[in-house]
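*Asks:* One structure, pasted below without further comment.
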């Protein structure tokens with residue numbers, strides 16, 4: 001029986017967290033375990049800042065020093081003077097610095113993917129070394145050798161056939177009783193170029209491996225008791241969803257529910273592999289289960305806020321209709337820039353879209369569109385999504401805000417607001 005566990009950045013953010021993670025793993029050694037681990041704490045954010053500064057030709061020495069110091073402190077506390085942890089860390093830091101010293105190309109996303117996975121490479125090296133120090137037999141795998149993708153940088157698409165062929169190495173490790181330690185979020189092309197699966201993509205990595213290995217279940221370990229009906233950092237009195245369907249989960253993830261990555265559900269649903277969301281703070285608690293049955297989906301309303309949104313309206317200059325040819329051109333631009341639409345609406349002479357704020361991509365898109373269209377936009381907006389809510393569910397959330405766009409269907413209300 002193969003189980004896939006995924007531990008996010010919060011579950012390995014410091015020495016005590018890593019010890020807790022190891023304790024959870026040690027309590028499940030009767031199963032064959034694949035453990036997917038994210039970068040520690042806010043490491044990915046730090047590497048993103050380093051990448052931006054490096055790409056712009058600016059000095060990133062302070063950011064790099066802070067990143068190294070954070071991991072050195074964690075290792076010192078975790079290994080209590082044992083040099084094995086520092087050796088593992090130094091090896092990966094040296095690789096990272098070597099990559100940083102290479103000439104900078106002109107493709108922002110490609111350069112991003114060359115660097116961004118080092119958070120996961122560092123964290124898994126530390127965790128693997130710590131597990132060995134606790135007499136837990138484990139084997140470290142480089143996800144770039146396991147998960148093969150196309151070259152759509154920062155949002156790579158999995159080459160399932162090529163990835164399947166590489167699973168025999170993991171299967172062999174599991175058969176010999178070892179815990180397989182794998183980085184989340186990253187892969188590589190057949191030519192060996194590093195790629196990433198989209199921000200917060202470690203959940204998707206767990207799902208990919210579960211699909212390819214025919215796992216019994218996937219468990220995502222979080223700092224919340226399960227899948228909640230709203231973000232507890234933004235809403236009071238949240239309620240745990242004990243059981244929901246794959247269908248409902250993929251809808252909530254698409255709308256922006258942060259507890260799971262949007263791509264996670266499909267591979268699991270395709271093979272009927274249940275997804276458990278459990279608390280690493282209280283590992284014995286029941287958590288939430290996502291499975292096929294839809295009978296519980298409508299019982300509890302769900303609230304999702306996506307902040308830092310852009311609402312962009314595209315209009316023809318000569319009062320001609322926005323027709324299919326225009327839409328094809330617009331979508332080609334969006335696809336080429338890797339911009340994902342969260343909401344859209346069209347009228348006779350305009351087309352409006354909502355997407356995540358990304359200054360670099362946003363400026364490129366506007367430059368392309370202004371060659372033929374009139375473009376207007378608002379930034380720093382919030383997209384509110386309510387599933388299975390009552391008629392007046394949105395009033396408390398939108399009170400005092402300007403409503404810029406609103407859409408309603410039978411089960412879902414979506415509103416773009418400016419606070």
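*Asks:* What length, rounded to one decimal in nm, is gained on full extension from residue 328 through to residue 340, with 0.36 nm per residue of separation minus their alpha-carbon distance?
*Replies:* 2.8 nm
*Asks:* Another one. Using a basic spin-label model with each label point 7 Å from the Cα along Cα→Cβ, how many nm lie between residue 16 and residue 393?
*Replies:* Result: 3.7 nm between the two label points.
*Asks:* Could you please rank 62, 242, placing first whichever residue has the fewest other Cβ atoms within 10 Å of its Cβ?
*Replies:* Working: 62 11, 242 14.
Ranking 62, 242 by Cβ neighbours within 10 Å, fewest first, gives 62, 242.
*Asks:* Here's a follow-up. Could you sort 354-362, 253-261 so that the peptide with the highest average Cβ count within 10 Å comes first and the rest follow in order?
*Replies:* Packing order, densest peptide first, comes out as 253-261, 354-362.
*Asks:* Length gain on complete extension for the stretch residue 168 to residue 411, per 0.36 nm per residue less the alpha carbon to alpha carbon distance?
*Replies:* Computed gain between residue 168 and residue 411 is 83.1 nm.
*Asks:* Then there is this: If you average 1/r over every pair of different alpha-carbon atoms in region 1-130 and take one over that average, what Kirkwood value in Å do you get?
*Replies:* It works out to 15.5 Å.
*Asks:* With Kirkwood's inverse mean 1/r over C-alpha pairs for Rh, give me the Rg to Rh ratio of region 190-267, two decimals please.
*Replies:* Ratio of gyration radius to Kirkwood radius for region 190-267: 1.01.
*Asks:* To the nearest 10 degrees, how steep is helix 246-255 against the longest Cα principal axis of the chain, on a 0 to 90 scale?
*Replies:* In the chain, helix 246-255 runs at an angle near 70 degrees to the longest axis.
*Asks:* If you take the square roots of the eigenvalues of the alpha-carbon gyration tensor of region 70-155 and sort them as a ≥ b ≥ c, do you get rounded (a/c under 1.5), prolate (a/b over b/c) or oblate?
*Replies:* It is oblate, given that a/c is not under 1.5 and a/b is not larger than b/c.
*Asks:* Kindly provide log₁₀ I(q)/I(0) values, in the same order as q = 0.09, 0.12 Å⁻¹, from the Debye equation applied to equal alpha-carbon scatterers of region 2-222.
*Replies:* Computed log10 I(q)/I(0) values: -0.33, -0.60.
*Asks:* Using 0.36 nm per residue, how much length does the chain from residue 258 to residue 358 gain when fully extended, once their Cα-Cα distance is taken away?
*Replies:* Separation in residues times 0.36 nm, less the Cα-Cα distance, equals 34.2 nm.
*Asks:* With 10 angstrom as the radius, rank 160, 140, 221 by how many other C-beta atoms surround their C-beta, starting from the fewest.
*Replies:* 160, 140, 221
*Asks:* With no solvent and one equal point scatterer per Cα, compute the Debye intensity ratio I(q)/I(0) for region 251-359 at 0.12, 0.13, 0.21, 0.23 Å⁻¹ and report its log10, rounded to two decimals.
*Replies:* -0.64, -0.72, -1.19, -1.29
*Asks:* Moving on. Grab the DSSP H runs of the chain that are 4 residues or longer, score each as -39,500 (n - 2.57), total them, divide by all residues and round the 222 nm result to the nearest 500 deg cm²/dmol.
*Replies:* For the chain, the value works out to -11500 deg cm²/dmol.
*Asks:* Order 276-285, 7-16 from most to least packed using the mean count of other Cβ atoms within 10 Å.
*Replies:* 7-16, 276-285
*Asks:* Here's another thing I want to ask about it. Starting from the Cα gyration tensor of region 302-418, take the square roots of the eigenvalues, sort them a ≥ b ≥ c, and report rounded, prolate or oblate (rounded when a/c is under 1.5, otherwise prolate if a/b is larger than b/c, else oblate).
*Replies:* Prolate, since a/c reaches 1.5 and a/b exceeds b/c.
*Asks:* Calculated FRET efficiency, residue 347 and residue 419, Cβ-Cβ r, R0 30 Å, to nearest 0.05? The partial results should precede the final answer.
*Replies:* Details: r = 25 Å, r/R0 = 0.85.
Computed FRET efficiency for residue 347 and residue 419: 0.75.
*Asks:* Calculate the FRET efficiency for residue 235 and residue 45 from the Cβ-Cβ distance with a Förster distance of 35 Å, rounded to the nearest 0.05.
*Replies:* Values: r = 24 Å, r/R0 = 0.68.
Here the calculated transfer efficiency is 0.90.
*Asks:* Roughly speaking, what is the centre-to-centre gap between region 282-313 and region 337-363 when only Cα atoms are used, to the nearest Å?
*Replies:* For region 282-313 versus region 337-363, the Cα centre distance is 24 Å.
*Asks:* How large are Rg and Dmax for the chain when only the alpha carbon atoms are used, in Å?
*Replies:* Over the chain's Cα set, Rg and Dmax evaluate to 22.4, 72 Å.
*Asks:* Most mobile of 290, 314, 37 per a Gaussian network model of the chain (Cα springs, under 10 Å)?
*Replies:* With Cα springs under 10 Å in the chain, the top fluctuation among 290, 314, 37 is at 314.
*Asks:* Given the alpha-carbon gyration tensor of region 3-66, what are the semi-axes of its equivalent ellipsoid in whole angstrom, ordered largest first, with each equal to the square root of 5 times an eigenvalue?
*Replies:* The equivalent ellipsoid of region 3-66 has semi-axes of 33, 12, 6 Å.
*Asks:* Moving to a separate point now. What FRET efficiency, computed as 1/(1 + (r/R0)^6) with R0 = 60 Å and r the Cβ-Cβ distance, is obtained for residue 401 and residue 176, rounded to the nearest 0.05?
*Replies:* Calculated value: 0.55.
*Asks:* Treat the count of other C-beta atoms within 10 Å as a stand-in for reagent exposure and order 6, 132, 271 from fewest to most. If you can, show how the numbers build up before the last one.
*Replies:* Working: 6 30, 132 15, 271 12.
Going from least to most buried by this count: 271, 132, 6.
*Asks:* Using only Cα atoms, tell me the angle between helix 202-213 and the longest principal axis of the chain; keep it within 0 to 90° and round to the nearest 10.
*Replies:* 70 degrees
Read the figures in this text as sums done on the coordinates, not as results from a lab. Remember, it's a predicted structure, so these values are computed and weren't measured experimentally. Neighbour counts are summed over all protein chains in view; Cβ atoms, including those assigned to glycine, are modelled from backbone coordinates with ideal geometry.
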